[in-house]
1. Out of the total accessible area of the chain (probe 1.4 Å, heavy atoms of protein only), what percent is carbon and sulfur?
2. Would you please state which residues of region 103-119 a label at Glu173 would reach in this model, taking the label point 7 Å out along Cα→Cβ and a backbone N cut-off of under 18 Å?
3. Relative to the Cα centre, what is the charge dipole magnitude of region 119-195, using +1 at the beta carbon of each Lys and Arg, -1 at the beta carbon of each Asp and Glu, and rounding to the nearest 20 debye?
4. Using 5 Å bins from zero, what percent of all Cα-Cα pairs in the chain falls into each bin?
5. Run down the lysines and flag those whose C-alpha is under 18 Å from the C-alpha of Lys168, throwing out any fewer than 8 positions away in its chain.
6. Multiply the residue separation of Lys62 and Asp161 by 0.36 nm, subtract the distance between their alpha-carbon atoms, and state the gained length in nm to one decimal.
7. Let me spell out the model: positive unit charges on the Cβ of Lys and Arg, negative unit charges on the Cβ of Asp and Glu, origin at the Cα centre of region 24-100. What dipole size does that give, in debye rounded to 20?
8. Can you give me the accessible area per residue for the chain, using a 1.4 Å probe, in Å²?
Amino acid sequence: MAAELAGKKIIFIVGGPGSGKGTQCERIVAKYGYCHLSSGDLLRAEVASGSERGQELQEIMKRGELVPLETVLAMIRDKMLANTDAKGFLIDGYPREVDQGKQFESSIAPATSVLYLDVATETMVQRLIKRGQTSGRADDNEETIRARLNTFEKATAPVVDYYKQQGKLYEIERAVAESSPDEVFAKVCLLFDKL
Ligand SMILES: Nc1ncnc2c1ncn2[C@H]1C[C@H](O)[C@@H](COP(=O)(O)OP(=O)(O)OP(=O)(O)O)O1
Ligand SMILES: Nc1nc2c(ncn2[C@@H]2O[C@H](COP(=O)(O)OP(=O)(O)O)[C@@H](O)[C@H]2O)c(=O)[nH]1
Ligand SMILES: [Mg+2]
């Protein structure tokens, strides 16, 4: 456990690709002042650095697969330890598999709560195709999108069940998660106001 992080609020943000994690995190940061760490953004920064490691990561991401859990864990831990004055952390796009969550909690600190955005597969596909027109992301094309959705179903859906069993899951149900970002945020605020 990282002693510097004891007592800090740690919120995992989970949902399929295109479910609106990044959109909600931006709003949460603006209203509540948490430190936002997106595992995908950290990986893309490594790719952009042009390092050899970055090239390997880029290949994995283009296939829509998960990068090794140690890689992401180390990146997130470093960023958290560089921001120990934050009142809390939003860990966006993490954990992607149950073991990733367990290793985070045993080596860094337990999660306070897990926010889950439940969006239908076809809605996510449509949103990502649209985002792909401007995002410039190598993985926002239809083939990779399908692969990412498949990875989500296989590896990440069990994460949702796991935290539900632990009593830590805060779910934005589909009817809300598929409406407007404002409506989603109104429901998200009910969680953050209580933390
Ligand atoms: N925690 C993680 N563990 C393993 N691989 C990860 C993790 N986070 C991201 N990746 C890899 C696999 C993903 O397909 C890729 C892009 O991640 P991310 O930006 O979170 O995309 P995503 O597919 O969830 O779409 P979005 O940004 O639309 O949520 O990086
Ligand atoms: N209708 C609707 N679209 C959204 C919502 N949240 C995000 N989007 C759109 O869906 C796309 C993916 O959102 P993003 O926040 O990047 O999702 P992430 O992949 O989960 O990080 C973006 O192009 C957003 O404009 C929402 O609540 N409602
Ligand atoms: Mg995102």
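The values are calculated or read from the model by the stated rules, or taken from the named source; none is laboratory data. The model shown is predicted, which means the values in this text are computed figures rather than measured ones. Note that each Cβ is placed from the backbone with ideal geometry, even for glycine, and that neighbours are counted across all protein chains shown. With ligands, DNA and RNA removed, areas are computed over all heavy atoms of the protein, side chains included. Shrake-Rupley method; radii C 1.70, N 1.55, O 1.52, S 1.80 Å.
1. Carbon and sulfur: 49 percent of the exposed surface of the chain.
2. Within reach of a label on Glu173: 115-119.
3. The dipole magnitude comes to about 180 debye.
4. 1, 7, 16, 21, 22, 18, 11, 4, 1
5. Lys8, Lys9, Lys21, Lys102, Lys187, Lys194
6. The span from Lys62 to Asp161 would gain 32.9 nm if fully extended.
7. Working: 10 positive and 13 negative charges, 72 e Å.
It works out to roughly 340 debye.
8. 48 Å²
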